[in-house]
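Student: Please see the structure below; I have some questions.
The values are calculated or read from the model by the stated rules, or taken from the named source; none is laboratory data. All figures in this text were calculated on a predicted structure; none of them were measured in a lab. Neighbour counts are summed over all protein chains in view; Cβ atoms, including those assigned to glycine, are modelled from backbone coordinates with ideal geometry.
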Amino acid sequence: MPMLDASTDCSAAALSWLATLIAFPTISGSSSNLDLLRLAEQALRARGFAVRYTYSPDGKRANLYASHGGATGGILLSGHTDVVPVAGQDWSRPSFTLTEDGERLYGRGACDMKGFLACVLAVLQRIDLAALRQPVHVAFTYDEEIGCVGVRGLIKDLAEAGIRPAACIVGEPTRMAVIRAHKGRQAWRCCVQGRAAHSSLSGTGVNAAETACELVADIARQARQLQRDEVDENFLVPYSTMAVCRVHGGTATNVIPEAAEFDFDLRFLPSTDPERALAPVHERAAALQAGMRDREPEARITLERRTAVPALTARPDEDRLVQALFAAGAAGGSHVAFTTEGGLYQAAGIPTVICGPGDIAQAHTADEFVLRSQLAACESVLERVLLA
Ligand SMILES: [Zn+2]
């Protein structure tokens, strides 16, 4: 296996692209990413790529998809253009300007994941595309950080257009290790509607906050059950987890609360069926609602799924890509704790692994940075995989 030299520096082109990309404050869910995409489009069109867009419902953000050498087969290089906010974080450097400090390159998104996008653009600008034996595709998506929102429209568009890459690399920060599995995630909101009353007449009201708390306790119990049900030691937290992360209810100390709500989060092992993991919660909610309705016909408990990202599982159809990545110098790895767009690509029938520059420990933090040697390693691996 060719070894990567940690002292190798990234290319001037990758550095320049990183500076350009960081300067667009493409915060998920609010800022437009269209100007960033137009620049990438220009660079890719100049190299003969065919480009298509899929837009957010308000038209302010988009996915860019570009293909060279045909629509079918070949490798898809995919990354998200959005970044998490910087508000409330204590940055000692400018967040939307690239700052170079020795080996470190600072700026929001340097690690997660504009470093990968910069490497993709730099490599595709310099390699001899005519020498490629297979197509190459690029996907730059939006709103990944708020539930892999953008990529869903892109995947639908590809299916409708009959575009089918043979394999996909999602370049989330893994320090260039090949990751084949991660947990899935679902985020839920529960709203409880009861009936208000003066607290001196507590028996006449239907207490939404107390009912919500009963369900919260049941969720905690089910979480402990999940911990016993299935174990996968490849994960740092080796079981599926469920946690109530936000609770709100009531208005005053002397009013029986009419409404209460809470949010909870399920992170499930690839082997766990999320519907089965959640079934006891739904059953308990239905039973609690029936009890409330004995006293107030309008009372209700609603459970709304707000985010669902499938898990990523190692599958045999990825073996060729994995071997190619190892031959190109990517490092060994297996499982990570964070979710990515990879599970959605895989669910759409595109064999997918995660492999990208930077360390997830630096993602989303103040003074986010990526190492120059990580970009160098990424450029080298991409170049060798594409030209293999
Ligand atoms: Zn990311």
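Student: Mind checking which residues of segment 46-83 are touching a residue at least 24 places away in the same chain (Cβ under 8 Å), part of a strand (DSSP E or B) and over 24 Å from the mean Cα position of the chain (by Cα)?
Tutor: Passing the criteria: His68, Thr72.
Student: Sticking with this structure for a sec: From the list Ala361, Ala366, Ala377, which one is farther than 26 Å from Ala159 by Cα, in contact (Cβ under 8 Å) with a residue 40 or more places away in the chain and part of a helix (DSSP H, G or I)? First the steps, then the outcome.
Tutor: Working: Ala361 fails: in contact (Cβ under 8 Å) with a residue 40 or more places away in the chain; Ala366 fails: part of a helix (DSSP H, G or I).
Just one listed residue meets the conditions, Ala377.
Student: Inspect all residues belonging to segment 99-107 and state whether any of them is within 16 Å of the ligand (Cβ to nearest atom), of a type in the set (Asp, Glu) and in contact with a Ser or Thr (Cβ under 7 Å, 6 or more places away or on another chain).
Tutor: The answer is no; no qualifying residue exists.
Conditions tested, residue by residue: (1) in a loop (DSSP other than H, G, I, E, B); (2) at pLDDT 95 or above; (3) within 11 Å of the ligand (Cβ to nearest atom).
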{"residue": "Leu325", "(1), (2), (3)": "no, yes, no"}
{"residue": "Gly333", "(1), (2), (3)": "yes, no, no"}
{"residue": "Gln346", "(1), (2), (3)": "no, yes, no"}
{"residue": "Ile350", "(1), (2), (3)": "yes, yes, no"}
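Student: Still on this model: Quick one: Thr72 ticks every box in (1) surrounded by 15 or more Cβ atoms within 10 Å (Cβ to Cβ); (2) out of contact with any Phe, Trp or Tyr (no Cβ under 9 Å at 6 or more places or on another chain) bar one, so which box is it?
Tutor: Unmet condition: (1).
Student: Can you tell which of Cys119, Cys190, Cys111 is in contact with a helix residue (DSSP H, G or I) (Cβ under 8 Å, 6 or more places away or on another chain) and either surrounded by fewer than 21 Cβ atoms within 10 Å (Cβ to Cβ) or not in a helix (DSSP H, G or I) (or both)?
Tutor: Working: Cys119 fails: either surrounded by fewer than 21 Cβ atoms within 10 Å (Cβ to Cβ) or not in a helix (DSSP H, G or I) (or both); Cys111 fails: either surrounded by fewer than 21 Cβ atoms within 10 Å (Cβ to Cβ) or not in a helix (DSSP H, G or I) (or both).
Result of the check over Cys119, Cys190, Cys111: Cys190.
Student: Separate question: Being farther than 19 Å from Leu269 by Cα, of a type in the set (D, E, K, R) and not in a strand (DSSP E or B) is the filter here; which residues of segment 293-317 pass it?
Tutor: Those that are farther than 19 Å from Leu269 by Cα, of a type in the set (D, E, K, R) and not in a strand (DSSP E or B): Arg293, Asp294, Arg295, Glu296, Glu298, Asp317.
Student: Quick test of your reading of the structure: Ala217 fulfils all but one of (1) in the same structural domain as Ala363 (by TED's automatic domain parsing); (2) of a type outside the set (S, T, N, Q); (3) closer than 18 Å to Val281 by Cα. Name the failing condition by number.
Tutor: It is condition (1) that Ala217 fails.
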